[in-house]
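Since every read-out is calculated from the coordinates, none of them should be taken as a lab result. Worth saying up front: this structure is predicted, and the values here are computed from it rather than measured. Note that each Cβ is placed from the backbone with ideal geometry, even for glycine, and that neighbours are counted across all protein chains shown.
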Amino acid sequence: MEQFLNPEIKSFILSYQELFSPNSVCICNGSDEEYDRMIQLMIESGTAERLANNNILVRSDPQDVARVEDRTFICSVKEEDAGPTNNWVEPSEMKDKLNGLMSGAMMGRVMYVIPFCMGPLGSDYSYYGIQLTDSPYVVANMKKMTRMGQKALDLMNEYGNFVRCVHTVAYPLSEGVKDVPWPCREDKYIAHFPETREILSFGSGYGGNALLGKKCFALRIASCIAKDEGWLAEHMLIIKITDPNEVTRTVAAAFPSACGKTNLAMMQPSLAGWKVEVIGDDIAWMKSNDKGELYAINPEAGFFGVAPGTSKKTNPNAMNTIRQNTIFTNTGSEDGKPIWEGIDSFAHFKNIITWKKVLHDGSDKVAHPNARFTVSANECPVLSNDFNNLKGVKIDAILVGGRRDEIIPLVFQTFDAQEGVLIGASLTSEMTAAAKGTVGKVRRDPFAMLPFCGYNMGDYFKHWLAMSERLPAIFHVNWFRKDKDGNFMWPGFGENIRVLEWIFGRLKGEYEGKKTPIGTVPKVEEFNVKGLDEKYSKQLSELFKVDTDAYMEFFEELESYFQSLDFKGRFPSEFNDLINQFKNRLANANSSPKSL
Ligand code: OXD
Ligand code: MN
């Protein structure tokens with residue numbers, strides 16, 4: 001270690017060097033040469049292959065393909081601080097266990113030290129971290145996903161505070177052990193220590209389990225910091241929308257994993273004259289200023305998006321973003337081109353090698369459903385020039401949404417911020433391949449944060465309510481409603497600009513909308529249908545309809561969900577009042593004529 005390291009950083013590195021017993025330690029500087037060296041190492045070990053345009057393809061072990069929520073732990077000192085939605089283990093018990101398991105875990109490998117910054121370098125919003133890892137794949141991905149290297153280290157040396165992120169694939173190369181292309185373990189642990197701002201990740205090399213800046217730091221640990229400091233760390237995209245008159249508004253939106261955040265963030269609007277630019281596609285850190293306005297940054301520097309389903313039709317800007325300099329994980333390939341379900345017609349591909357490295361014969365998937373691309377935000381043709389804005393961007397509206405085939409209208413605005421908070425907390429969605437579990441199972445996912453809130457969800461609801469005076473307008477959207485024959489009632493993707501246009505009109509005070517018991521929906525005549533396929537325009541009133549009986553049941557189920565969880569006395573009683581408020585309006589509407 002020739003570099004200058006402040007004593008705290010030095011002792012952090014040395015203590016883990018002693019525990020892990022790696023062959024050597026490498027302090028990463030974040031250079032392109034270093035990235036190329038990581039890729040070369042992965043090619044030599046059989047982990048990766050080169051594709052065209054400086055892209056690479058990595059195939060993981062089939063047992064290590066998604067986040068492992070059942071192996072993810074919040075190790076707060078008190079159990080009640082983890083709350084009913086997290087797995088809890090007492091911190092010293094988890095540390096003893098992991099210290100034992102981690103002893104010698106990097107034998108025969110290099111321990112890389114990754115200094116990184118979440119947020120623009122030098123911004124007051126940003127926080128620093130150091131990740132230790134024995135995975136060249138992690139080093140390469142962290143280069144794309146964070147501001148990593150020398151500059152971050154210099155700032156950290158000066159500033160002092162950093163989140164300790166410790167990761168090992170836990171496959172020591174002790175005497176006689178041969179390496180494998182994707183080392184990992186069955187007994188994985190993704191452990192968070194909120195009080196000491198530490199993360200210990202053991203046995204997985206994949207995505208959110210291993211790229212610790214993302215879910216572990218920027219959501220689970222950051223949500224705890226945010227609660228303590230009075231701001232919000234959320235699972236939200238951030239976009240800047242410009243209308244044909246060059247008026248701009250900025251919107252943050254929470255949707256559960258793999259529900260289209262990247263598609264909305266990089267949307268190519270179908271309406272002429274409109275522009276959508278991306279600031280973030282997954283995480284927003286939002287703080288209010290002394291005027292009570294909410295400002296946000298995206299703490300990440302890249303996109304770790306789901307590849308399957310991405311195509312020139314569904315997301316042309318993403319396709320342009322990932323044309324070059326991209327790491328693909330668990331896609332198939334042919335002739336130097338990455339391939340996945342939904343990319344294109346397969347008909348003209350004759351020799352696809354699947355993610356499992358066999359010739360595709362139609363019997364198995366080309367790509368794993370949670371196959372990913374990792375790409376620097378700078379590759380994106382619609383990146384906003386506010387991406388690196390040190391002051392963040394003013395948020396004019398918050399959107400929440402899930403993947404729901406019934407009940408929830410295409411869009412509605414809540415009557416006030418408190419009701420908006422309850423609606424955010426009511427999010428439900430079908431599970432996707434982003435996490436190990438049952439795909440398609442509908443589950444509650446408050447603010448899309450169920451797997452990412454680092455503390456008691458009751459305290460989280462209270463924190464949102466405490467912020468409510470500083471919140472902008474809140475809208476609920478649902479692109480996924482289906483008719484009785486199971487067909488989508490809304491085309492989605494670039495056509496979602498029509499919904500954003502209505503939201504824009506509401507923010508400017510131009511659209512009156514129509515009041516329903518749950519909030520304000522568009523009047524059909526306010527909604528821009530110019531050029532929209534008639535198949536959709538003729539069912540708008542159905543898409544905006546609020547079925548009062550179904551919604552009554554919705555709130556009853558929400559009440560039972562909250563009652564089923566032991567919040568250890570931390571559940572906000574205001575939520576019961578808010579639910580009653582909605583139920584009363586629904587009951588009153590039911591006793592008057594039913595056309596809403
Ligand atoms: C993600 C996720 O990877 O939410 O963004 O799982
Ligand atoms: Mn996500």
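Listed by chain and number, the aspartates and glutamates placed with their C-alpha closer than 20 angstrom to that of Lys484 are Asp405, Glu406, Glu430, Asp533, Glu534, Glu542, Asp547, Asp549, Glu553; residues fewer than eight positions away on the same chain are left out. For the pair Asn87 and Gln539, the difference between a 0.36 nm per residue extended length and the Cα-Cα distance amounts to 158.3 nm. The GluC sites (Glu not before Pro) of region 164-262 that DSSP puts in a loop, and whose beta carbon has at most 15 other beta carbons within 10 Å, are Glu175, Glu186, Glu195, Glu246. Each Cα pair under 8 Å and six or more residues apart adds its sequence gap; the mean of these over the residue count of region 1-144 is a relative contact order of 31 percent. Looking at region 2-62, the chymotrypsin sites (Phe, Trp or Tyr not before Pro) that sit in a DSSP loop and have at most 11 other Cβ atoms within 10 Å of their own Cβ are Phe4.
Length available on full extension from Thr196 to Asn245: 0.36 nm per residue minus the Cα-Cα distance, which gives 12.7 nm. The overall shape of the chain, judged from the alpha-carbon gyration tensor, is prolate: a/c is not under 1.5, and a/b is greater than b/c. Looking only at region 41-56, which residues have a backbone nitrogen under 17 Å from a spot 7 Å from the Cα of Ser24 in the C-beta direction? Only 41-42, 44-45 pass the distance filter. Taking label points 7 Å from Cα along the Cα-to-Cβ direction, Lys312 and Asn53 give a separation of 1.1 nm.
The overall shape of region 293-427, judged from the alpha-carbon gyration tensor, is oblate: a/c is not under 1.5, and a/b is no greater than b/c.
What's the angle, to the nearest 10 degrees (0 to 90), between helix 573-591's Cα axis and the longest principal axis of the chain? Orientation of helix 573-591: about 40 degrees from the principal axis. When only the Cβ of Lys, Arg, Asp and Glu is charged (+1, +1, -1, -1), the dipole of the chain relative to its Cα centre reaches about 820 debye.
In the chain, the calculated helix contribution to ellipticity at 222 nm averages -8000 deg cm²/dmol per residue, counting -39,500 (n - 2.57) for every DSSP H run with n ≥ 4. The packing ranking, built from the mean of other Cβ atoms within 10 Å per residue, places the peptides 344-352, 552-560, 458-466 in the order 458-466, 552-560, 344-352, highest first.
Between Gln581 and Glu406, residue separation times 0.36 nm minus the direct Cα-Cα distance comes to 60.8 nm.
Relative to one another, the C-alpha centroids of region 235-265 and region 394-409 are positioned 11 Å apart.
Here's the picture: charge each Lys and Arg Cβ at +1 and each Asp and Glu Cβ at -1 in region 103-188, and of Tyr112, Tyr125, Pro172 the one pushed furthest to the positive end of that dipole is Tyr125. Couplings 3J(HN,Hα) for region 161-177, derived from phi with the Karplus relation 6.51 cos²θ - 1.76 cosθ + 1.60 (θ = phi - 60°), are 5, 7, 8, 8, 10, 10, 9, 9, 6, 6, 9, x, 9, 6, 2, x, 8 Hz, where x marks Gly and Pro. Between Asp361 and Ser591, the simple spin-label model (points 7 angstrom out along Cα→Cβ) gives 6.8 nm. Working from label points 7 Å from Cα in the Cα-to-Cβ sense, the Val177 to Ser270 distance is 5.4 nm. The alpha-carbon of Lys10 sits under 26 angstrom from the alpha-carbons of these lysines, leaving out residues fewer than 8 places away in its chain: Lys95, Lys97, Lys143, Lys144, Lys151, Lys214, Lys215. FRET efficiency for the pair Lys515 and Gln563, taken as 1/(1 + (r/R0)^6) with r the Cβ-Cβ distance and R0 = 35 Å, rounds to 0.75.
In region 306-432, Cα pairs under 8 Å separated by at least six residues give a relative contact order of 25 percent.
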